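Participant: Encoded as structure tokens, here's the structure I'll be asking about.
The values are calculated or read from the model by the stated rules, or taken from the named source; none is laboratory data. Source: prediction; values computed, not measured. Note that we place each Cβ from the backbone using ideal geometry, even for glycine, and neighbour counts take in every protein chain shown.
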Amino acid sequence: MQKISNLPKSKKVILKTRPNGNPVITDFDIIEEIASAPDDGEILIEVQALGIGAWIRTTLNEKAFHGATPIGGVLPSMGIGKVLISKSKKFSEGDIVSGPLSAQSYTTLNSDFFEKVANPEIDPFTQIGVLGVSTGLTSYFGIYDVGKVKKNDIVLISGAAGGVGMIVCQLAKIKGAKVIGVAGGKDKCDVLINEIGIDAAIDYKNQNVDKELKIHAENGIDIFFDNVGGEILDIALDNLKERARVVICGAISQYSHHNSIEGPSLYLRLAEKYAVMEGFTVMHFEHRYKEAYEELLDLYQKGLLKAPMHIEEGIENFPLALQKLFTGGNTGKLIVKI
Ligand SMILES: NC(=O)c1ccc[n+]([C@@H]2O[C@H](COP(=O)([O-])OP(=O)(O)OC[C@H]3O[C@@H](n4cnc5c(N)ncnc54)[C@H](OP(=O)(O)O)[C@@H]3O)[C@@H](O)[C@H]2O)c1
């Protein structure tokens, strides 16, 4: 057991200035402090890996759905770590836990915020990616419960080569859908077709998305799973089939200019096509996390679900990783190994 008098130094990523547009590394600082000794009910966790999610950018604004990070505050992040000292009945030292660790190498927090990882033998990256709440579980509820994907549906997915996008692509294929992914660059499109096994990919940076979409889905699409928002959402609305479903999972193209959001202008297509557009957050499905986790684990263990990831090394690279998320620098789930 770690002696309370011998607490580790924790490196922390703090917000220096609120980003003006996409986050850049100069918006952040790294500081080092002795980790706090846990009080009753708290645990001290050695952080192993942190997920980089687009939602972190939204917390850098003064007002935010997930809570605003104050200037000088530690950035939020979900991740996996090992309990070093436990002053809680819920956990023992050595337990592997998941939860809101924040961007730091050691975290002391109330144990209520954390869950014991069900399969600690599985590496922390897979736990954050394919089995993680903001990647695998988001994909599962988004495409199955909101999108209601079924055999022979034609599904268009934006941000298809990202963490959520790649899992959604695979889950839709598993249900027997035809899947068309939209991603930035030929390399990402090649990965989607050759490694993830989708039917077609459109490189939105170099191709005309509307024109390409009409080639791959001449009669329109049954589902649009949107991670990006902005222009791509209007293109998808203009290509809906009757009774189509538009799933609003996220809008990463809009997070860096929240005061001038580019909304869809073709929303009347929903009426014309008797279609629905429905948003969700994974937290709306919290009561069913166990079910989704078990199904994803089963698919993963059977080799039916790949877990592509992009790993950056070291807490010092957390700001760079966040910057990369907004410039398309990742293929698969972006994770920082601590
Ligand atoms: N509803 C929920 O509960 C929930 C939970 C988790 C995540 N999400 C949402 O899911 C989406 C994906 O999140 P993720 O964490 O898996 O990230 P991600 O897709 O792994 O990474 C972001 C990707 O978005 C693309 N991108 C970035 N800026 C863009 C822009 N301006 N225009 C077009 N594409 C852009 C980039 O790919 P390209 O190279 O292809 O441009 C980048 O690699 C986000 O919108 C996020 O907010 C929602």
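Participant: Go through (1) crowded, with 17+ Cβ neighbours inside 10 Å; (2) within 14 Å of the ligand (Cβ to nearest atom); (3) over 15 Å from the mean Cα position of the chain (by Cα); (4) not assigned by TED's automatic domain parsing to the domain that holds LYS173 and name the single condition LEU297 misses.
Facilitator: (2) is the only condition that LEU297 fails.
Participant: Additional query: Could you run through the range 171-192 and say how many residues are more than 21 Å from the chain's Cα centre (by Cα) and either of a type outside the set (D, E, K, R) or away from the ligand (no atom under 14 Å from the Cβ) (or both)? Break it down into steps so the answer makes sense when it comes.
Facilitator: Applying the first criterion (more than 21 Å from the chain's Cα centre (by Cα)) to the range 171-192 yields 175-178, 186, 190.
Applying the additional criterion that residues be either of a type outside the set (D, E, K, R) or away from the ligand (no atom under 14 Å from the Cβ) (or both) yields 175-178.
Going through the range 171-192 one residue at a time, the tally reaches 4.
Participant: Somewhere in the range 87-105, is a residue within 16 Å of the ligand (Cβ to nearest atom) and among the basic types (Lys, Arg)? Reasoning before the result, please.
Facilitator: Taking the range 87-105 and keeping what is within 16 Å of the ligand (Cβ to nearest atom), we get 98-100, 103.
Next, from what is left, pick out any that are among the basic types (Lys, Arg): none.
Scanning the range 87-105 turns up no residue that is within 16 Å of the ligand (Cβ to nearest atom) and among the basic types (Lys, Arg).
Participant: Test of understanding: among GLU212, GLU286, which residue is within 16 Å of the ligand (Cβ to nearest atom), acidic (Asp, Glu), over 24 Å from GLN323 (Cα atoms) and exposed (fewer than 14 other Cβ atoms within 10 Å of the Cβ)? Even if it seems obvious, please write down each step before you answer.
Facilitator: Details: GLU212 fails: exposed (fewer than 14 other Cβ atoms within 10 Å of the Cβ).
After applying the criteria, what remains is GLU286.
Participant: How many residues, within the range 145-170, are under 25 Å from LYS324 (Cβ atoms) and not in a loop (DSSP other than H, G, I, E, B)? Break it down stepwise before answering.
Facilitator: If we filter the range 145-170 for residues that are under 25 Å from LYS324 (Cβ atoms), which is where we start, we get 156-170.
Narrowing further to those that are not in a loop (DSSP other than H, G, I, E, B): 156-158, 162-170.
Summing the residues that are under 25 Å from LYS324 (Cβ atoms) and not in a loop (DSSP other than H, G, I, E, B) in the range 145-170 gives 12.
Participant: If you don't mind, another one. Just need a number here: residues in the range 235-258 that are within 16 Å of the ligand (Cβ to nearest atom) and not in a strand (DSSP E or B). Please lay out each step first, then the result.
Facilitator: Restricting attention to the range 235-258, the residues satisfying the condition of being within 16 Å of the ligand (Cβ to nearest atom) are 235-236, 245-258.
If we keep only those that are not in a strand (DSSP E or B) as well, we get 235-236, 249-258.
Result for the range 235-258: 12.
Participant: So is ASN206 out of contact with any strand residue (DSSP E or B) (no Cβ under 9 Å at 6 or more places or on another chain), in a helix (DSSP H, G or I) and farther than 19 Å from GLY279 by Cα or not? Show your work before the answer.
Facilitator: On the way: out of contact with any strand residue (DSSP E or B) (no Cβ under 9 Å at 6 or more places or on another chain): yes; in a helix (DSSP H, G or I): no; farther than 19 Å from GLY279 by Cα: yes.
For ASN206, the condition - out of contact with any strand residue (DSSP E or B) (no Cβ under 9 Å at 6 or more places or on another chain), in a helix (DSSP H, G or I) and farther than 19 Å from GLY279 by Cα - is not met.
Participant: Consider only pairs whose beta carbons are under 6 Å apart and that are at least six residues apart or on different chains; among these, list those whose first residue lies in the range 152-178 and is closer than 19 Å to ILE215 by Cβ and whose second residue is acidic (Asp, Glu).
Facilitator: Qualifying pairs under 6 Å: ASP153/ASP222; ILE154/ASP222; SER158/ASP226; ALA177/ASP153; LYS178/ASP199.
Participant: Right, next: When the range 42-67 is examined, which residues are found to be more than 10 Å from the ligand (Cβ to nearest atom), closer than 17 Å to TYR106 by Cα and of a type in the set (Gly, Ala, Ser)?
Facilitator: ALA49
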